[in-house]
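In what follows, a single structure is set out as structure tokens and then discussed.
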Amino acid sequence: HILEAHVRVYQAFKQLPNGQNSRVGILKNIMQLDPLTFGDPRCHINCHFGRDLADEAIYRFFNTGKFYVNIPKGLNKTKIFGKEIPTSVAFVIDTKTNEYLKNGGKALDFIGLNYYCHNYITSDRKTVPEANHAIEPATNNERYTVYGEGLYRAIEELSNRIAKPLQVPIYITENGIATNNDEQGNALRTLHNQRYLYGMARAIQEGHDVRGYVHWALMDNYEWGSYRKFYGLHHVDRSTPELKRTIKDGARYYQ
């Protein structure tokens, strides 16, 4: 429904006075799924179907106008998207086709990328972050570690699957880190900026058309139900009437 609505809004904008000068895009969140146990084929199978659901279904839609999701054999859920699922066969949810895209219409002037991290998927379809924090340091968001290589991977994937085929640029529309506002947290914020900006720079150097980068967030904010996940480049002192803002040491590298 979101994708269908996007296409209709895109067409509506283009029909407005000066609408052809507007730039309308959509934002794609990517969290790579990697096999927790590389030698376990069940992990690889789960990765395949997870990526198809989260990513490939969207890429197919914008490239062909067709939307469908592959459901693996033996999935022990009674309903998906309101449809009864037979557990004995692998099948495809009814294909829905957008005729505008199918007939060569365009519905993107750019593609935005929201990226934070990757997760591993287990043989029983659970997702877990990297447990070895010497490899990927932990952050204040329990789902995310510092994994700058992933931004490079995400740019490359989005470029090859959407941006290059449709000849549109990429904007990094969301990327950042939640850390404490202390010396250790500032060091981690610096490390994050070093690694992720390097990943983006490498992708640009290799010819992927990235036009801009938006850091999440400018200031510490209300984040997922609390003020305790500090994503800001600036600390906000909520004990002061004026909500005093102070740039963090960890933001200096980004600056």
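The values are calculated or read from the model by the stated rules, or taken from the named source; none is laboratory data. Note that the coordinates shown come from a computational prediction; the quantities given were computed from them, not determined experimentally. Ideal geometry is used to build each Cβ from the backbone, glycine not excepted, and the neighbour counts take in all protein chains shown. Each accessible area value is taken on the protein alone, full model and side chains, heavy atoms only, with ligands, DNA and RNA left out. Shrake-Rupley method; radii C 1.70, N 1.55, O 1.52, S 1.80 Å.
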Discussion item. Of the conditions (1) touching a helix residue (DSSP H, G or I) at 6+ places or on another chain (Cβ under 9 Å); (2) of a type in the set (A, V, I, L, M, F, W, C); (3) over 17 Å from Tyr115 (Cα atoms), Ala203 satisfies every one except a single condition; which number is it?
Written reply: (3)
Worksheet item: Name the pairs: first residue in segment 6-29 and farther than 17 Å from Phe67 by Cβ and among the aliphatic types (A, V, I, L, M), second residue in a helix (DSSP H, G or I) and modelled with pLDDT of 95 or more, Cβ to Cβ under 6 Å, at least 6 apart or on different chains?
Response: Val24/Tyr10; Val24/Phe13
Discussion item. Looking only at residues that are in contact with a Leu (Cβ under 8 Å, 6 or more places away or on another chain) and not hydrophobic (A, V, I, L, M, F, W, C) in segment 216-247, which one is surrounded by the most Cβ atoms within 10 Å (Cβ to Cβ)?
Written reply: Gly232
Fill in: Filtered residues of segment 87-116 (kept if under 25 Å from Leu36 (Cβ atoms), surrounded by 15 or more Cβ atoms within 10 Å (Cβ to Cβ) and either out of contact with any strand residue (DSSP E or B) (no Cβ under 6 Å at 6 or more places or on another chain) or at pLDDT below 95 (or both))
Tyr116
Discussion item. One residue is enough: does segment 146-167 have a residue meeting the conditions farther than 27 Å from Thr127 by Cβ and either of a type in the set (Gly, Ala, Ser) or open to solvent by less than 20 Å² (accessible area, probe 1.4 Å) (or both)?
Written reply: no
Worksheet item: (1) open to solvent by 30 Å² or more (accessible area, probe 1.4 Å); (2) assigned to a loop (DSSP other than H, G, I, E, B); (3) under 30 Å from Gly104 (Cα atoms): which one isn't true of Tyr213, the others all being true?
Response: (2)
Item to complete: Go through Asn175, Asn181 for me and flag whichever is within 17 Å of Met31 (Cα to Cα), among the polar types (S, T, N, Q), surrounded by 14 or more Cβ atoms within 10 Å (Cβ to Cβ) and touching a residue at least 60 places away in the same chain (Cβ under 8 Å).
Response: Asn175
